[in-house]
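Undergrad: Attaching a single structure in structure tokens format; questions to follow.
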Amino acid sequence: MEAVRLDRLYSYADYCTWDDDLRWELIDGVPYLMSPAPSWDHQAISMALAIQIGQFLRDKPCKVFAAPFDVRLNANGADDTVVQPDIVVICDESKISRKSCDGAPDMVVEILSPSTSRRDVTDKLRLYERFGVREYWIVDPERKIVQTNILESGRYFIKAYTDADTAPIHVLEGCVVDLKAVFEG
């Protein structure tokens, strides 16, 4: 394997040849090395969310996946954007391949960590909006806040919830997440 260089652009085909011991994301062909394993509170929040969503989805057609799971946002185009959100919900089974989600999932959850928070709050917000992710949650473990971004007419509309709230998942009618249970981990 050739060393990943930060001065050139890559595709998903290139990405597939990289060392599996390191986690990378590609955004418009630009590689980003992901941080090592997340902290225990990050993992606890991820598990609590995935469990609540998974229980709601039991016997329903939508599926929930936790990282690491590749999301190829433009798999049918340039195929140069691959992210590994903390949690994804996919309701169109035709987008699920053996190794990835090929296209925009219905929902993405990113849990902030010091090394990725700027990218999650700005770059990925614009990226998910551009590719039509219908709902994007940004979870802040430090402040115990969830910012929900709901896509309407191609733009995200934002609402924030605290650890004292329950938050509806708009793409899953009837699904409400108990944020106190998520953050008490």
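No lab work stands behind these numbers, since they all come straight from the coordinates. None of these values were measured; they are calculated from a predicted model. Here the Cβ is made from the backbone with ideal geometry for all residues, glycine too, and neighbour counts use every protein chain on show.
Undergrad: Which condition from (1) crowded, with 17+ Cβ neighbours inside 10 Å; (2) closer than 21 Å to residue 173 by Cβ; (3) among the acidic types (Asp, Glu) is the one that residue 70 breaks?
TA: Going through (1) crowded, with 17+ Cβ neighbours inside 10 Å; (2) closer than 21 Å to residue 173 by Cβ; (3) among the acidic types (Asp, Glu) one by one, residue 70 breaks only (2).
Undergrad: Could I ask something else about it? What number of residues within segment 1-43 are in contact with a Phe, Trp or Tyr (Cβ under 9 Å, 6 or more places away or on another chain) and among the polar types (S, T, N, Q)?
TA: 0
Undergrad: Return only the number of the condition from (1) in contact with a Phe, Trp or Tyr (Cβ under 8 Å, 6 or more places away or on another chain); (2) not in a strand (DSSP E or B) that residue 170 does not satisfy.
TA: Result: residue 170 passes all but (1).
Undergrad: Which members of segment 97-149 meet the condition of being closer than 22 Å to residue 61 by Cα, of a type in the set (D, E, K, R), touching a residue at least 12 places away in the same chain (Cβ under 8 Å) and part of a loop (DSSP other than H, G, I, E, B)?
TA: Across segment 97-149, the qualifying residues are 99, 106, 134.
Undergrad: With a cut-off of at least 1 residues that are in contact with a Lys or Arg (Cβ under 9 Å, 6 or more places away or on another chain), name the strands (runs of 3 or more DSSP E) lying wholly within segment 12-69.
TA: In segment 12-69, the matching strands (runs of 3 or more DSSP E) lie at 24-27, 30-33.
Undergrad: Could you identify the single residue in 63, 95 that is closer than 23 Å to residue 181 by Cα, touching an Asp or Glu at 6+ places or on another chain (Cβ under 8 Å) and basic (Lys, Arg)?
TA: Just one listed residue meets the conditions, 63.
Undergrad: For segment 8-34, what are the residues that are surrounded by 13 or more Cβ atoms within 10 Å (Cβ to Cβ) and of a type in the set (S, T, N, Q)?
TA: 11, the sole residue that qualifies.
Undergrad: Shifting gears a bit: Hey, among 143, 134, which residue is loosely packed, with under 14 Cβ neighbours inside 10 Å, of a type in the set (D, E, K, R) and within 24 Å of residue 160 (Cβ to Cβ)?
TA: 143
Undergrad: Filter segment 173-185 for residues that are touching a residue at least 24 places away in the same chain (Cβ under 8 Å) and in a strand (DSSP E or B) and give the result.
TA: 177, 178
Undergrad: Still on this structure, please answer the following. Looking at 180, 95 in this structure, which one is charged (D, E, K, R) and under 21 Å from residue 79 (Cβ atoms)?
TA: Going through 180, 95 in turn, just one is charged (D, E, K, R) and under 21 Å from residue 79 (Cβ atoms): 95.
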